[in-house]
Amino acid sequence: MKKKLTGILSAALALTIPFAVACNGGGNGGGEWWSTTGELEKNGDEIVFNDVGLRLASIVAGDDKEALNQIVAQFNAEYSGKIRVSVTTVGYESFEDYVARSVKQGDKSAPDIVMGHQSSVKAFLDYKVIQPIDVVMEQTGFNYDLNAFSTGINQYANAGTDHHFGVTVDAASMVVFYNRELLGRYSETVPSTREELFTVCEDYANDTGNVPIAWGTGSDFFTEFIMNTAVLQNGGTLYNKDNMRVDWYDNTAQRDVYKKALESVRSFVTNTPKLAEVGGDDSSRLGDFRSNKAMFYVTVPWLLDAVCQGYAAENNCTEEEARTEKLGATSIAGWFAMDSSKDYARKIYCDAHMFNLSNKVTDITQKAACLEFMKWFTTNAEAGKQWARAGHVSISNAINTQDAYKNDAVVADYINKWYPDIDDLNTVGVNPYYQELAKNLRAIMSEGLLKANNSGDEELLRTKQNEYNSNIALWGGDF
């Protein structure tokens, strides 16, 4: 319901701080809402930073929070006396409202740098709480290649404008752990197509009576990432990018794709022998994997340490042995593609973090300091390694082409196996109604998995299609 919430927020802000948008950036031409003050000090071509303090608002609030704090601490140590970044963590549910309200109201604690999801950039732009990064680069002569990132995700950094409003940091989706010993009994290689996967899993299930795939379908991460991935791997689109509308039922081609997508996941459950279960969450299904009953475990990447630690504790080995000898990693690429020969069969839906420059920042040196931090975070191989170990693949070419990153054991054995081609990663794109979109797509997945067959799929698609379209029409959708 993000559009509804931010619409209410905008109305409230309009009452409390009238003319904020008009006045912020007064004197700028071309409808600009940002302004710039001060002068840069340079030593040759190098910008001089003298104890510049920056506030970073971060949406990273889970198991990866500590990793982010450690990376920021590393930056602060390297830039001691020049730039210091302090982090404020804000939960997912209130993140957008916190950023918009604090920036609009001019709070002293408002962020200078925003680290949110790519899907939030459009909302931040609509309410003019961020400013273009490329303009600051032109003003300062700052050298930073904003296009040296995965094209599948970085294409949305401009939020549909002529300016660059985001710096893409990473990506993450559902990933797969596997038991090396169990898989080795049935295959010399890790399955790379749906057909190979089914063959291995059926052989194992028939021999042992165990369910080979452990996954928690009750998780929002599962229903969103897997549903959207299944749609993409069967050639579908999530919404019409021209008007934000969906045609999951009305468009017969899309209807067929969505029915395929549902069946591609459901068939793991309805297959004889059964290859996966319905229900549960990540923790409840992990037990089957740790006890060597399940061959594969589908979960979120930031649980890497927890999975290895749990397996080690139950199997009388060290965490290092679990990670390097007992367990392996593979990708969901191709798992749900009904035709593995198609060029879209290995696409993966993901979420991505992006840095944005808050419109609170007016001083030119402070703006340059924000860019310095963003550049460091997305070009420093050591930072990339630490962030990858927290479950986030770097989509920066400046990082993922460096040997220090590529040769890191976790990156080589897990991250790069989970995401074999970063250009196959796809996000939701520029949709201001993405939370409503995600809610209905998750419902299609969760409700569809409860059905024994596809007899009710068309009605489910029609209902959720109409619910989404009706709601965004109420909120001002462009039809």
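The values are calculated or read from the model by the stated rules, or taken from the named source; none is laboratory data. Just so it is clear, the structure is predicted and the values come from calculations on it, not from any experiment. So basically every Cβ, Gly included, is an ideal-geometry build from the backbone, and we count neighbours across all protein chains shown. Each accessible area value is taken on the protein alone, full model and side chains, heavy atoms only, with ligands, DNA and RNA left out. Shrake-Rupley method; radii C 1.70, N 1.55, O 1.52, S 1.80 Å.
Over the range 315-357, accessible surface divided per residue gives 39 Å², non-protein components excluded, 1.4 Å probe. Potential lengthening of the chain between L450 and E78 amounts to 128.6 nm, from the contour at 0.36 nm per residue minus the alpha-carbon distance.
Cross-link partners for K259 among the lysines, with Cα-Cα distance under 17 Å and sequence neighbours closer than 8 places in the same chain left out: K451, K464.
In terms of the Cα gyration tensor, with a ≥ b ≥ c the square roots of its eigenvalues, is the range 311-367 rounded because a/c is under 1.5, prolate because a/b exceeds b/c, or oblate? Before the final figure, lay out the partial values.
Values: a/c = 4.88, a/b = 1.43, b/c = 3.42.
Oblate.
Structural descriptor for the chain: relative contact order 24 percent, calculated from alpha carbon pairs under 8 angstrom and at least 6 residues apart. Scalar couplings 3J(HN,Hα) for the range 351-362, obtained by applying the Karplus form with A = 6.51, B = -1.76, C = 1.60 to θ = phi - 60°, are 10, 9, 8, 9, 8, 10, 9, 5, 6, 4, 7, 10 Hz; x denotes Gly and Pro.
Classify the range 161-281 from the C-alpha gyration tensor, please: rounded if a/c falls under 1.5, else prolate or oblate depending on whether a/b exceeds b/c. Prolate.
Selection among W376, S446, W387 by position relative to the dipole of the range 372-449 gives S446 as farthest towards the positive end (Cβ unit charges, Cα centre).
Placing dummy labels 7 Å off each Cα toward the beta-carbon, the span from D134 to T324 is 4.6 nm. Every pair of different Cα atoms in the range 69-198 enters the Kirkwood calculation, which places the hydrodynamic radius at 18.4 Å. The Rg/Rh ratio for the range 248-326, using Cα coordinates for both the radius of gyration and the Kirkwood hydrodynamic radius, is 1.15. For the chain, the longest principal axis of the alpha carbon atoms and the long axis of helix 304-314 meet at an angle near 40°.
Per residue, the range 61-172 exposes 39 Å² of solvent-accessible protein surface, assessed with a 1.4 angstrom probe and all protein chains in place. For the residue pairs K108/K367; K375/K439; K42/K360, alpha carbon separations beyond 25 Å are given by K375/K439.
Given R0 = 35 Å, the distance between the Cβ atoms of N147 and E66 translates into a calculated FRET efficiency of 0.65. For the range 72-146, applying the loop criterion from DSSP together with a ceiling of 15 other beta carbons within 10 Å to the trypsin sites (Lys or Arg not before Pro) yields K82, K108. At full extension, S470 and T208 could sit 89.4 nm farther apart than now, given 0.36 nm per residue minus the alpha carbon distance.
Please report, as a whole percent, how much of the solvent-accessible surface of the chain comes from carbon and sulfur atoms (probe radius 1.4 Å). Kindly include the intermediate steps, with their values, before the conclusion.
Working: 8640 of 19270 Å².
Here carbon and sulfur together make up 45 percent of the probe-accessible area.
Note on T237 and R180: the model spin-label points, each 7 Å out from Cα along the C-beta direction, lie 4.5 nm apart.
For the range 424-479, the solvent-accessible area with a 1.4 angstrom probe is 39 square angstrom per residue. Sorting the segments 363-374, 336-347, 410-421 by their residues' average number of neighbouring beta-carbon atoms within 10 angstrom, most packed first, yields 363-374, 410-421, 336-347.
For the range 242-247, putting each phi into the Karplus relation 6.51 cos²θ - 1.76 cosθ + 1.60 with θ = phi - 60° gives couplings of 7, 10, 6, 6, 10, 9 Hz, in residue order, rounded to whole numbers and with x for Gly and Pro.
With the Cα gyration tensor of the range 262-371 giving a ≥ b ≥ c as the square roots of its eigenvalues, does the rule (a/c under 1.5 for rounded; else a/b larger than b/c for prolate; else oblate) give rounded, prolate or oblate? Oblate, because a/c is 1.5 or more while a/b does not exceed b/c.
For the pair K293 and H163, the difference between a 0.36 nm per residue extended length and the Cα-Cα distance amounts to 41.6 nm.
Taking one quarter of the surface of the convex hull spanned by the alpha-carbon atoms of the chain gives a direction-averaged projected area of 23.1 nm².
Residue by residue, the range 276-287 carries 3J(HN,Hα) couplings of 7, 10, 9, x, x, 10, 4, 5, 5, 8, 4, x Hz when phi is fed to the Karplus relation 6.51 cos²θ - 1.76 cosθ + 1.60 (θ = phi - 60°); x denotes Gly or Pro. Our note on the geometry: Cα centres of the range 237-313 and the range 65-128, 31 Å apart.
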